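Below is one structure; the comments refer to it alone.
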Amino acid sequence: AARRVLLLGEGNFSFAASLCGAAGTCLVATCYESEEEACGLGGAAENIRRLREGGAEVLFSVDCTKLKDYFLPGKRGFDCIYFNFPHCGRKAGVVKNRELLAHFFHSSAEVLTEEGEVHVALCNGQGGTPADQPRREWHNSWQVVAVAAGAGFILSNVHPFEAETIHGYKCTGYRSQDKSFCVEGALNHVFTRSTPLPCFKPLSCEVELERRKVSFQVPQALVDKFNRGFLELNSNHPVRTIKEKLTAELSQAFPLQDTDCCLSLLHPGPLNGVCHSNVFWITLSPEETPSTEEVPNGLPKAVLSSHTEICRGRDRNGWGNVQEGHHNSHQYCLRPSLLPYAQAVIQRGASLPGTLHVLSGPVFRKCLITPSSTPVFHEMVFACAVDRGTENSCIQMLVKNIESSIRALHQTVSSFKLSIRLEEATNFGTAELSDFAALESQLSDIDSLICVETETSSSCVGIVRTDDDELESSELVAVFASLNLDLLAMLACGIADWRMLWTSDSRFLCQFPRGELRLFKAFSLYPPSYVHDVSFWVPDGEQFDEVAFHTIARQVSGEMVTSIQLLDSFQQPETGRKSLCYRLTFQSCDKALSCQEAAEMQLLLREEIKQRLAVTLR
């Protein structure tokens, strides 16, 4: 079918005439003026004649804010809409022109196909994006990306509007007159439809514990991240590709055994050594709670799925049994790490020394909102039992193969240099550890960190540790390495925002054919951000749970909060009451987020923290 193109605000129709006759294009050219007024503009009559002779449809007195009124339902499916240099006319200021654009985008949404594009050409500086050189102050620009977001559009491309390359084009309409205006440095902004903001419904997940099927309510902050299947065989997600390539590389140096099939999502609490507020607790109803019958060495069978029972417990730094008085016996948590599962595999001792066991899957953690902190990510753990005295050479071989894999992954998609190093964990204080490594250090002692540096960033992507207390045989030592596959995918493919890995927009996955890694190209450019402050009194005598506050922000915004900054802390001398003031920044990496939607999220946040954290809003 022919590509249907709608041109708005054409003035002298010279732009439309330049497109007339393009193969496979059905052109509809319009202007706001009447036919008589339009034909009075220089060259317009000749351009209109050429358009009609070329089979284009020409319409007059078309209001760009009411487009559906001019086309019958069957004629509204335009593949592309052009609006070059929109303006209210005369000396209208930026506010009036923003309003014009807002109404235009809403109107365009009613006549555009789902995969269609809206092209808006603006003079240099008007758009208010970093692409403008020089860039105007935000309040003095047309704020085109934020305005478009209100109608569900994202900016997917921006490039120079090169008037000199358009045959016969002559700009006109300066202050509603037949006069040209300066188009030097002008930009063409290409907008596409955004996927809608999610409306998360409660989600139940069914798992097997102690050979019984039980279901639990998924924490609302994780609803869109459950059952995504990134690591499944038919997945072309870059996280899966990273795992495959790492496994292939390591299989050249070690005999490998994959044990993913027997890992349960749930584990009975509490976790010794792990802060209670760092995990997602799950409460099962009494009738669903499996028994905590023990296998030797103390780890409840409930930790396992029914496929295979391989785990045995730890009594040092491990995930122990439910402790009386700490949590009731019906409470479980979503697994925050795969390391204890790897430790249990090694304890079982069912394979020959030197066999490298590979475990992978999503893990879940409550954490503060920072650019590198993720409430869920895919962990890959390697575990191996080796003869005592050979553990250092095993670590060196393991890290060397991991390093060559990471380097090869990076070089496939980027020419930028990458540096990988093994750092002694003792060189870092707890506050300096990445969120990924910090919780691993709570679960067990870390010997070394695997750090990756690019030209723009530095990340801890893995940890290495040895343990000579894991095994019954005093002749063997256990070696473990844990990698954050999500961070590796981001580094390899140039993905700046971890949230993009979890997007439901097909424009992400279509960039990664099965088994291939490529440099990611953003499809939402310069997303607008909105700042809101909230202040409140904390309950008397209580320590404010900041992690819980951040988790509520994740939940109510659907991960649209990118930053939470403590602006002020105040304590009343007379009463001792404490007040906190936080600044929240709302921004989406893949969806249209409007000013109104961000404000609604802020109102919901206020209500939620009032109810769940018992604060008194100010």
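The values are calculated or read from the model by the stated rules, or taken from the named source; none is laboratory data. What you are looking at is a predicted structure, and each value in this text was computed from that prediction instead of being measured. No Cβ is skipped: glycine too gets one built from the backbone with ideal geometry, and neighbour counts run over all protein chains shown. Remember, those area values only see protein heavy atoms, side chains included, never the ligands or the DNA or RNA. Shrake-Rupley method; radii C 1.70, N 1.55, O 1.52, S 1.80 Å.
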Seminar exercise, completed: For the range 483-503, pairs from a residue that is among the aliphatic types (A, V, I, L, M) and at pLDDT below 90 to a residue that is outside any helix (DSSP H, G or I) and open to solvent by 10 Å² or more (accessible area, probe 1.4 Å), with Cβ under 6 Å and 6 or more apart or across chains, are ALA492/LEU517
Problem set entry | Residue, farthest from CYS88 (Cα to Cα), within the range 28-38, restricted to residues that are crowded, with 16+ Cβ neighbours inside 10 Å and not β-branched (Val, Ile, Thr) | ALA29
Exercise. Which of the residues belonging to the range 589-618 are within 14 Å of THR551 (Cα to Cα) and of a type in the set (Val, Ile, Thr)?
Worked result: ILE609
Problem set entry | Of all residues making up the range 511-528, the number that are open to solvent by less than 30 Å² (accessible area, probe 1.4 Å) and polar (S, T, N, Q) | 1
For this session: Please indicate, with yes or no, whether at least one residue in the range 344-354 is at pLDDT 85 or above and closer than 15 Å to VAL239 by Cβ.
Result: no
Exercise. When you go through GLU57, GLU35, GLU53, GLU46 one by one, which is the residue that is more than 40 Å from the chain's Cα centre (by Cα) and more than 21 Å from LYS170 (Cβ to Cβ)?
Worked result: GLU57
For this session: Name every residue in the range 496-505 that is in contact with a helix residue (DSSP H, G or I) (Cβ under 9 Å, 6 or more places away or on another chain) and open to solvent by 20 Å² or more (accessible area, probe 1.4 Å), in order of residue number.
Result: ALA496, ASP497, SER504
Problem set entry | Check on GLY125, among the small types (Gly, Ala, Ser), at pLDDT below 95 and on the phi > 0 side of the Ramachandran plot | yes
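Tally the residues that are crowded, with 16+ Cβ neighbours inside 10 Å and either over 15 Å from the mean Cα position of the chain (by Cα) or not aromatic (Phe, Trp, Tyr) (or both), restricting the search to the range 229-241. Don't jump to the end; show me each part of the working.
Step one: list which residues in the range 229-241 are crowded, with 16+ Cβ neighbours inside 10 Å, which gives 230-231, 235, 237-241.
If we keep only those that are either over 15 Å from the mean Cα position of the chain (by Cα) or not aromatic (Phe, Trp, Tyr) (or both) as well, we get 231, 235, 237-241.
Here the count works out to 7.
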Exercise. Can you tell me which of LYS75, LYS91, LYS66, LYS96 is of a type in the set (D, E, K, R) and in contact with a Cys (Cβ under 7 Å, 6 or more places away or on another chain)?
Worked result: LYS96
Seminar exercise, completed: (1) modelled with pLDDT under 95; (2) closer than 24 Å to VAL145 by Cα all hold for MET560 apart from (1)
Exercise. What residue, of GLN411, GLN343, GLN347, is more than 24 Å from THR454 (Cβ to Cβ) and open to solvent by 20 Å² or more (accessible area, probe 1.4 Å)?
Worked result: GLN347
For this session: Would you tally the residues in the range 225-274 being at pLDDT 90 or above and in contact with a Pro (Cβ under 6 Å, 6 or more places away or on another chain)?
Result: 0
For this session: Considering only the range 560-618, state which residues are within 15 Å of GLU542 (Cβ to Cβ), without any contact (Cβ under 8 Å) to a residue 60 or more places away in the chain and of a type in the set (Val, Ile, Thr).
Result: THR575
Exercise. Hey, PHE508 hits all of (1) among the aromatic types (Phe, Trp, Tyr); (2) surrounded by fewer than 16 Cβ atoms within 10 Å (Cβ to Cβ); (3) under 24 Å from PHE377 (Cβ atoms) but one; which does it fall short on?
Worked result: (2)
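Yes or no, residue by residue, for (1) of a type in the set (D, E, K, R); (2) crowded, with 21+ Cβ neighbours inside 10 Å; (3) touching a Leu at 6+ places or on another chain (Cβ under 8 Å); (4) under 26 Å from CYS182 (Cβ atoms):
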{"residue": "ASN12", "(1), (2), (3), (4)": "no, yes, yes, yes"}
{"residue": "CYS26", "(1), (2), (3), (4)": "no, no, no, no"}
{"residue": "GLY42", "(1), (2), (3), (4)": "no, no, no, yes"}
{"residue": "LEU72", "(1), (2), (3), (4)": "no, no, no, no"}
{"residue": "ARG98", "(1), (2), (3), (4)": "yes, no, no, yes"}
{"residue": "LEU101", "(1), (2), (3), (4)": "no, yes, no, yes"}
Problem set entry | Single residue of GLY74, GLY11, GLY93, GLY42 found to be over 26 Å from GLY185 (Cβ atoms) and among the small types (Gly, Ala, Ser) | GLY74
For this session: Using the structure shown, decide if GLY116 is closer than 26 Å to PRO196 by Cα and either among the hydrophobic types (A, V, I, L, M, F, W, C) or assigned to a helix (DSSP H, G or I) (or both).
Result: no
For this session: For the range 77-121, name all the residues that are within 21 Å of ASN157 (Cβ to Cβ), modelled with pLDDT under 95 and hydrophobic (A, V, I, L, M, F, W, C).
Result: PHE85
Problem set entry | Identity of the residue in the range 546-590, polar (S, T, N, Q) and out of contact with any Lys or Arg (no Cβ under 9 Å at 6 or more places or on another chain), that ends up surrounded by the most Cβ atoms within 10 Å (Cβ to Cβ) | SER557
